[in-house]
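Q: Below you will find the structure I want to go over with you.
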């Protein structure tokens, strides 16, 4: 592999079956969905009919489902579908990170749209979902929300879960609370730029606070700032130029198109500081590495950029070491938003993961 991506480990031998002939990747190539396709579509414009799922505490979750298109009879895609028709339909559920929303999966959605049944949703207090009270703004609750989404939108059939940053933590929380799902309903897991504990939460604040409020004292100030969250939102908007510089520095490892930075900055700025403050205490206390071993029952891909300043590569290496058979993709020089910055590599790894998961579902 080129210097930009290095893969270590294995997916419990499953990827050996799929290597070089990953069905999803071949379908993407046949459909000519590529990096250029994602770049040609405006950020935030990929949509499907909205669904509303109600969480256990009454918070509404905004959900969108991209269904599989029927291939044209006799086409190359149709022939490949026929060759792989023994595989049960796998649904891929994408779970976004802290202060982002489902649109952050833009390049993955462009790649898999119409080829794989895919579920995207806004986590509570993010995007178009309803606001949570502070008591339910926890990683454990996010795991239960994910369970609720599965019950309502994917009530049957094999599922691959893919989480970025806090979305990966949500998946770990699901595995901790509902371990019986792993290997039964859940047949594959992708953990991107995330961790199960040991995080320095102060790192997460830099792109989210006005410049004069960031720094060594930022994390201690959050509880106080929560009381004046509306004023903080005004300051963040007023300091948009400075915020954009911080976003560029902390979201990406190398130079990316300006539109990428602006898109991420828009998602961050759209997240009320009240939400930032409500979820923030969870990161310091997060300690769930004991819960990740159960994921070894299914194919797992761990993905991270080596220049990630928020959830550093060491966290991903630790995850891979704690999950039997997990595979680690290190994207050289990429930052926290590796799903955008190195989307070609990320999507290629997800091709392998989804295909390996489908192979496992067939073998059951």
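The values are calculated or read from the model by the stated rules, or taken from the named source; none is laboratory data. Remember, it's a predicted structure, so these values are computed and weren't measured experimentally. Glycine gets a Cβ as well: all are built from the backbone with ideal geometry, and neighbour counts include every protein chain shown.
Q: Checking the condition at pLDDT 95 or above, crowded, with 18+ Cβ neighbours inside 10 Å and over 22 Å from residue 174 (Cα atoms), which residue from 334, 269 passes?
A: Exactly one residue qualifies, and that residue is 334.
Q: Just wondering, is there one or more residues in region 200-223 that are buried (at least 23 other Cβ atoms within 10 Å of the Cβ), modelled with pLDDT of 75 or more and either touching a helix residue (DSSP H, G or I) at 6+ places or on another chain (Cβ under 9 Å) or not in a helix (DSSP H, G or I) (or both)?
A: Within region 200-223 (the criterion being buried (at least 23 other Cβ atoms within 10 Å of the Cβ), modelled with pLDDT of 75 or more and either touching a helix residue (DSSP H, G or I) at 6+ places or on another chain (Cβ under 9 Å) or not in a helix (DSSP H, G or I) (or both)), the answer is no, since none of the residues qualifies.
Q: With the requirement that a residue be modelled with pLDDT of 85 or more and more than 23 Å from residue 167 (Cα to Cα), what does region 235-255 give you?
A: Selection gives 254, 255.
Q: In region 172-179, is there at least one residue being within 24 Å of residue 360 (Cα to Cα), modelled with pLDDT of 95 or more and touching a strand residue (DSSP E or B) at 6+ places or on another chain (Cβ under 7 Å)?
A: yes
Q: Inspect region 324-341 for any residue being over 13 Å from residue 197 (Cα atoms) and without any contact (Cβ under 8 Å) to a residue 60 or more places away in the chain and give the result as yes or no.
A: Looking through region 324-341, none of the residues is over 13 Å from residue 197 (Cα atoms) and without any contact (Cβ under 8 Å) to a residue 60 or more places away in the chain.
Q: Right, here's the next one. Taking region 124-136 as the search range and keeping residues that are crowded, with 21+ Cβ neighbours inside 10 Å and out of contact with any strand residue (DSSP E or B) (no Cβ under 7 Å at 6 or more places or on another chain), which one is farthest from residue 44 (Cα to Cα)?
A: Within region 124-136, the match that is farthest from residue 44 (Cα to Cα) is 132.
Q: Another question, then. Every residue in region 150-182 that is under 15 Å from the mean Cα position of the chain (by Cα) and farther than 19 Å from residue 99 by Cα, please.
A: Answer for region 150-182, where residues must be under 15 Å from the mean Cα position of the chain (by Cα) and farther than 19 Å from residue 99 by Cα: 159, 160, 161, 174.
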